[in-house]
Structures are given as C-alpha cells and as structure tokens.
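Below is one structure, written out as structure tokens, with a few remarks after it.
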Amino acid sequence: MNLFYITVEECESHNLFPFEEDIEVNEAIDSHYLDYRAKEVLQIDYTRTVIAFTIIALVLMCIVHSFAFYTIRRPRYIIKRLTALLHFMTAACILVLNEVFVKAVEHEREHLADRFPDGGDSEYGFSFVFSWLVFIVFVVVGLIFLFVSHKRKADMGEDDDALAQEDEPMQLGRV
C-alpha cells in the first residue's frame, strides 16, 4: 500500500434508505442534517438525486432518439420542435446531474472526514468532462432541430412534394 493512495479491496453497495440506527453508527453518513423534531430521519442524499435524474435522463435520451429518427421519415415541423424541446430537457437533466455531483463532492470535503482526509486531493476525471461534452452536444442538437423546424411552403416546393402538402393547414368539415 502506497502512502499517497488508498487501495480499495472490495466494493460496497450504498444503502439509499438507511435507518436511524445505521446513521448513528456509521460515521460515513452525515448526521448534521438529521431532523429529530419530525421524528423522521431527513438527510440530504445526493446519491438518490443523482440516481433519479440519471433514470429520467436515460428515458429522455431514448425518447429523443426515437423522435429524431422519426423526423427522418416524416419531417413535420412540429415533430422537429418537439424533438428540440426533448433535447433541451435532456440537457437540463445532465446539467442538474453535473451540478449535484459538484455539490456532493464539496459537501463531502467539508463534512465527511472519512471520505476526504485532511490534505487529500481529488479530481473529477474524464467521465466528468465527458458528461459536460454530452450536455453541450444535446444543447447544440436541440438548437439545430429548432432552427430547421420551419414550415415548408407547398407553392414553392416541387410539383410532387407530398411532405410540403402535409405542413399546409387543412380545413375539416364543410366549407
């Protein structure tokens, strides 16, 4: 074992919903945010937030990719605008994930000496940079979908432009 590195021999799973006894015994859990007045254990748990927003972001990514592939077959302007909105929502989830991660690391440095010993140094790594790149890509792609989502005019299109005809308003019923 090196003096500057701590080797982890075995991984441990996180208890996302600890009991009051677990919190009192475990020093790695921050008991600063316990509220005994409500007779419940209320704890700021960044891990639960990250897991929830990760699931939301993954679901949005699947939906947004299906909408993007659908616009290749049927380039309707409203579908493109909806795809742009979904790209922006996914980017917002990734932004929240990154900010919660930064705040969690800052909180652990200040309050949890077991995780960050005095004089210890840490860095975010390439995955953190990669998540910011993914955020930028989703914002740029959302802007692209937003700017190309204009209505096609049937008068200015080709003679056999059925897709432009679909973007024209229709009058349903009697005239």
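The values are calculated or read from the model by the stated rules, or taken from the named source; none is laboratory data. Worth saying up front: this structure is predicted, and the values here are computed from it rather than measured. All Cβ positions, glycine included, derive from the backbone under ideal geometry; neighbour counts span all protein chains shown.
Below, the figures for the structure above:
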read-out	value
Enumeration of residues in region 88-104 that are touching a Gly at 6+ places or on another chain (Cβ under 7 Å) and of a type in the set (A, V, I, L, M)	91
Some residue of region 107-128 being within 13 Å of the chain's Cα centre (by Cα), free of Cβ contacts under 8 Å to residues at least 60 places away in the same chain, within 16 Å of residue 57 (Cα to Cα) and loosely packed, with under 13 Cβ neighbours inside 10 Å	no
Candidate set from region 73-91 (those that are within 14 Å of residue 141 (Cβ to Cβ) and hydrophobic (A, V, I, L, M, F, W, C)); member that is surrounded by the fewest Cβ atoms within 10 Å (Cβ to Cβ)	85
Helices (runs of 4 or more DSSP H) lying entirely in region 77-175 (those with 2 or more residues that are touching a Lys or Arg at 6+ places or on another chain (Cβ under 8 Å) and modelled with pLDDT under 85)	77-111, 162-166
